[in-house]
Amino acid sequence: MSLLKRIGGTDGVETSGTTTTSNGVNNNGTSNNGATLATTVTAPAESTPNRSGGLSRLRAEYNPAATHAAQVSKQDKVTYELKTRIQERLIADLEKKKIPVTDDKQVKNITEEIFQNILAEEPVPLSRVERQNLLNAILSEIMGFGPLDPLLRDDSITEIMVNSPKQVYIERKGKLVRADITFQNNEHVMRILERIVAPLGRRLDESSPMVDARLPDGSRVNAVIPPIALKGPSITIRKFSKKPLTIDDLIKFGTLNHKIADFLKGCVESRLNIVVSGGTGSGKTTLLNVLSNFIPDDERIVTVENAAELQLWKDHVVTLESRPPNVEGRGEISIRDLVINCLRMRPDRIVVGECRGGEALDMLQAMNTGHDGSLTTAHANSPKDTISRLETMCLMAGMDLPVRAIREQIASAVNLIVQQERMQDGSRKVVSISEVDGMEGDVIKMNEIFRFEQTGMDENNRVMGNLRPTGVQPRFLERFEKYNIFLPPDTFGSSNQLRPF
C-alpha cells in the first residue's frame, strides 16, 4: 500500500458548508456527475500491508487540487491547506530520510515535528484545542482508521455502521444513534477498508464485493462495496470489549443470575455439548466466550471461526480461521474443512464460533465420537427452532441422509441449548435453557429447565424479570456427580415443585 493511500483522506475533521469531492459527491450525499466507484482493493499475501517502496510515485499520484473544495469557508480553507502542506512535507521527509512507512513510531514523531514547524513558520488562526484536534485527525489518517478511530476508542459504543460516507450510525447501550463523524467520499471509505483487509490477506473488489474481517483488537468487520452496495461502501463493525467479559459481568448486566451461572459452569466442566442459540446481535458470541473460559486449564482447545473473535484466557488454545477463495477462485478453506481437520489435532474441546451450513453435520459427528464438551452457536428464535435449524444445516452438507438419522444424531450429540435474546430495551438476556432428552418416536424430546419471566418495565423502560426454574430436573445431573459437582437443592425449584419424568 502506498503512503498516499495511508494519508490520502483529508477530512479527518468534519467541515461545515457544502464540499464537492473529486468524484462529484457533495457532503449532502448528492452527485454532480454520476461518477461510479470503481476502486479495487487487492490484499497482499503477507501478514502486514506492503506499504514500502511507493514513495517514488507519490508526487505523481498526489494531486491536492483534484480533491479541493470549490467553495469552502475561510476557516475550512485554512484547515485544508494546512493538512495538505503537512502531508506534502511528510512525503518529502520520509523519502529524504529513507524511513520505512511501516515504522509507525518514527512516522508519528516526524508528523508531529512537521506540524509544529509549519505552525511556527506562519500564523495559523487555530486555538490550542483546534490544533490538537487537527493533529489527531492527521495522525488517524496516517496511522489509524481515519474518522473511525474516535468511535473505536469509545468503550461505550458496541457497534459502528457506515451506511454511506455521510451517514454513520453507532449502537450505544443497545440503542442506535447517528454519529457526528463523516467521510470525505466513497474513495475515503475505500482507503479505510483497504487498511482493514490488507493485513489479513483478504480481497475486496468488484468481483468479490463482500468481505468478513477483523480489527487488531478482535472486533468483527463486515464490508460490502458497489455494485451490490448502491449508496457506496458500507461497513459494519461489531466491537468487543478490550477486556474480555466474565460471568460476573453478565450477572451485573442482568443477562443471567448466580444460580444459572453456577449451573452453566457445571455443564461445561462436566463436558456437556452445548449450543448457544439466538438472533443477530443477541450476545451469542459473548456468552460462548464466557462459557469457553470455564474449560479446565489442562485441556487442549481448538477453536474454529469464520473471523477469529473468541477471546479465551487459556494457554493451550489453537485458533483456526476460514479462508475465502483467491482471485482465481481457488484456495478456499471452509469452516467444514477446518472442523474435519481439527479432529486430527487431538482436541479435548472443539469450539465452533458459529454453525451456518454443512459443518453442523461434522460438528455433530465430532460430538458423537468422543469429543464431549464441545461448544457452538446457531441462529434460531427458540430452542425448538434450533433443532430444526440443525436438521436443515445437516441437509446442506449434501449427504442424502434420512431425516430420522439426522434427528438421532442431534438427540445423541447435543445435551443443552441455551437461548439468548435481545430485549426491547436493548439488553441481552438468557431467556431459556433446555435439555435435549433423546427421541420419542420420530420427534426429539426437549425439557425446558429454566425460563425467563418478564414482570414489566421499570421507570427507565428497562425490562424487569428473572430466569426461573420450571421444576424439571435434568437427567444429566448424574453426570455432575461423576465430576464431583453439586448444586444447591433449590437450583431447579423447591422440592414440592420438582416434576418427575
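The values are calculated or read from the model by the stated rules, or taken from the named source; none is laboratory data. Everything quoted here is computed from the prediction, not taken from an experiment. When we count neighbours, we look across all protein chains shown, and the Cβ atoms used for this are built from the backbone with ideal geometry, even at glycine. We work out accessible area using only protein heavy atoms, side chains counted, and drop any ligands, DNA or RNA first. Shrake-Rupley method; radii C 1.70, N 1.55, O 1.52, S 1.80 Å.
Identify, please: which residue in the range 198-227 is surrounded by 21 or more Cβ atoms within 10 Å (Cβ to Cβ) and farther than 21 Å from Thr285 by Cβ and is, among those, modelled with the highest pLDDT?
Ile225
Take the range 103-156 and flag every residue that is β-branched (Val, Ile, Thr) and either within 17 Å of Val168 (Cα to Cα) or open to solvent by 60 Å² or more (accessible area, probe 1.4 Å) (or both).
Within the range 103-156, just Val129 meets the criteria.
Does any residue of the range 492-501 turn out to be buried (at least 19 other Cβ atoms within 10 Å of the Cβ) and of a type outside the set (Gly, Ala, Ser)? Spell out the reasoning first.
If we filter the range 492-501 for residues that are buried (at least 19 other Cβ atoms within 10 Å of the Cβ), which is where we start, we get 492.
So of that shortlist, the ones also of a type outside the set (Gly, Ala, Ser) come out as 492.
Yes; the residues of the range 492-501 include at least one that is buried (at least 19 other Cβ atoms within 10 Å of the Cβ) and of a type outside the set (Gly, Ala, Ser).
Could you say which residue among Val463, Val472, Val443 is more than 15 Å from Ser277 (Cβ to Cβ), open to solvent by 30 Å² or more (accessible area, probe 1.4 Å) and among the β-branched types (Val, Ile, Thr)?
Residue meeting the stated conditions: Val443.
Within the range 390-404, track down each residue that is under 18 Å from Thr280 (Cα atoms) and free of Cβ contacts under 8 Å to residues at least 40 places away in the same chain.
If the condition is that a residue be under 18 Å from Thr280 (Cα atoms) and free of Cβ contacts under 8 Å to residues at least 40 places away in the same chain, then Met393 is the only one that fits.
Please work out which residue is farthest from the chain's Cα centre (by Cα), limiting yourself to the range 297-313 and to residues that are open to solvent by less than 40 Å² (accessible area, probe 1.4 Å) and at pLDDT 85 or above.
Glu299
Can you name the number of the only condition in (1) open to solvent by 30 Å² or more (accessible area, probe 1.4 Å); (2) within 27 Å of Glu159 (Cα to Cα); (3) at pLDDT 90 or above; (4) not in a strand (DSSP E or B) that Lys243 fails?
(3)
Being in a loop (DSSP other than H, G, I, E, B) and among the acidic types (Asp, Glu) is the filter here, so list the residues in the range 422-457 that pass it.
Asp425, Asp442
Identify, by number, the condition in (1) under 22 Å from Leu272 (Cα atoms); (2) crowded, with 16+ Cβ neighbours inside 10 Å; (3) modelled with pLDDT under 90 that Ile433 doesn't meet.
It fails just one condition, (3).
Scan the range 268-289 and report the pairs whose first residue is touching a residue at least 12 places away in the same chain (Cβ under 8 Å) and on the phi > 0 side of the Ramachandran plot and whose second residue is in a helix (DSSP H, G or I) and among the charged types (D, E, K, R), with Cβ atoms within less than 9 Å and a gap of 6+ or a chain change.
Arg271/Arg479; Gly278/Lys284
For the range 383-397, which positions are open to solvent by 30 Å² or more (accessible area, probe 1.4 Å) and either among the basic types (Lys, Arg) or not in a helix (DSSP H, G or I) (or both)?
Lys384, Arg389, Met396
Can we say Ser334 is polar (S, T, N, Q) and buried (at least 19 other Cβ atoms within 10 Å of the Cβ)?
no
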